[in-house]
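The values are calculated or read from the model by the stated rules, or taken from the named source; none is laboratory data. None of the values given here were measured: they were computed from a predicted structure. Accessible surface is based on the protein model in full, side chains and every heavy atom, while ligands, DNA and RNA are left aside. Shrake-Rupley method; radii C 1.70, N 1.55, O 1.52, S 1.80 Å.
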Amino acid sequence: MTTAFGHSTDRTTHQQVTPNASATQSSAIVQFRGVTKTYPNGSRGLFDVSLNVTRGGFLFITGPSGAGKSTLLKLLYGAERPTSGEVIVDQLNIGQLRGDRLSLLRRRIGIVFQDYKLIPSRTVSENIAFVLWAQGFTRKEIDRRLPPTLKLVGLQHKADCFPEELSGGEQQRVSLARAIIGTPPVLLADEPTGNLDPDNSRQVLKILTKLNAMGATVIVTTHDEQLVQMSNQPVVQLREGRLYRNF
Ligand code: ADP
């Protein structure tokens, strides 16, 4: 079992997720405690969401458009703050982070987006290394980390290509490499297979699974039912800002 609140062996259908008393705080790397997010225009992104994800866990978050998936991820990486409740990532309370402490949080989280967000004028290697340069890593350390990271995503032979020379699947694997080269304990993927065909989606899932086996906590939002079924990992569902168990 990888999440602290239960697993697919619990067949309760569409029961709202509530905190589990057996979930020890120390085992949870991500905690939402009664989180509500209301945007300034009054739209509600999340309502009273409680969730624990254990260190080294894997979790899928599904739900229709507008259900609150992006809001949940934005709260996790500090792009938004909760209106009430607490979001805690690797012992950092997001609502209280400012400035330097916020960049500390961002170093603990790798993010993969549906639309890759690569820099078109930079090569694959440069796109991947960029995040390390920005964090002040030495050239030597960057050169040490690049080859195994490229290998992990199967792109050694594309290191000097530009994004436009790559397929969508390859571009997504560059964005995966960029997310993990800093070895963050938490990896967030926002609809990572949204623009990919089934073969490329499988490849992305394989890499996410491998990273999880290497110790990363992986949280994936998706519409892709096949991806969820293939993976046999725990799933929760968001609907109108509320979190439910899927099985
Ligand atoms: P999803 O990622 O599941 O499609 P979102 O988290 O983007 O859902 O949106 C959840 C709700 O919050 C929607 O009603 C949406 O309109 C609203 N929302 C999201 N971002 C903002 C924002 N920046 N300002 C106002 N409302 C927002």
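Just a few scattered comments:
- In Hz, Karplus ³J(HN,Hα) per residue of the stretch 50-67 (6.51, -1.76, 1.60; θ = phi - 60°; x = Gly, Pro): 10, 7, 10, 10, 6, 4, x, x, 9, 9, 9, 10, 10, x, x, 4, x, 7
- Backbone HN-Hα couplings from phi across the stretch 172-187 [Karplus 6.51/-1.76/1.60, Hz, Gly and Pro as x]: 5, 6, 5, 5, 5, 4, 4, 5, 10, 5, x, 6, x, x, 10, 10
- Rolling a 1.4 Å probe across the protein heavy atoms gives the stretch 69-114 an accessible surface of 46 Å² per residue.
- Å² of accessible area per residue within the stretch 116-226, as computed with a 1.4 Å probe and no ligands counted: 47
- Cross-link check: pairs 37/206; 151/206; 69/158 evaluated at a Cα-Cα cut-off of 24 Å; pairs beyond the cut-off: 37/206; 69/158.
- Surface share of carbon and sulfur [accessible, 1.4 angstrom probe, percent] for the stretch 204-247: 48
- Scanning residues 5 or more positions from residue 238 or on other chains, those with amide H under 5 Å from its amide H are 62, 63, 244, with H placed 1.01 Å from N in the peptide plane.
- Close amide-amide hydrogen proximity is noted between residue 46 and 37, each under 5 Å apart and 5 or more residues distant or on a separate chain (H modeled in the peptide plane; Pro and chain starts excluded).
- 0 to 90° range, to nearest 10: angle between helix 124-134 axis and the chain longest Cα axis: 60
- For the chain, the Kirkwood hydrodynamic radius from C-alpha pairs, put into Stokes-Einstein at 37 °C and a viscosity of 0.692 mPa s, yields a diffusion coefficient of 178 µm² per second.
- Scattering profile of the stretch 29-75 at q = 0.16, 0.18 Å⁻¹ [log10 I(q)/I(0), Debye over alpha-carbon scatterers]: -0.47, -0.58
- Straightening the chain between residue 195 and residue 159 buys 10.7 nm, computed as 0.36 nm per residue apart minus the Cα-Cα spacing.
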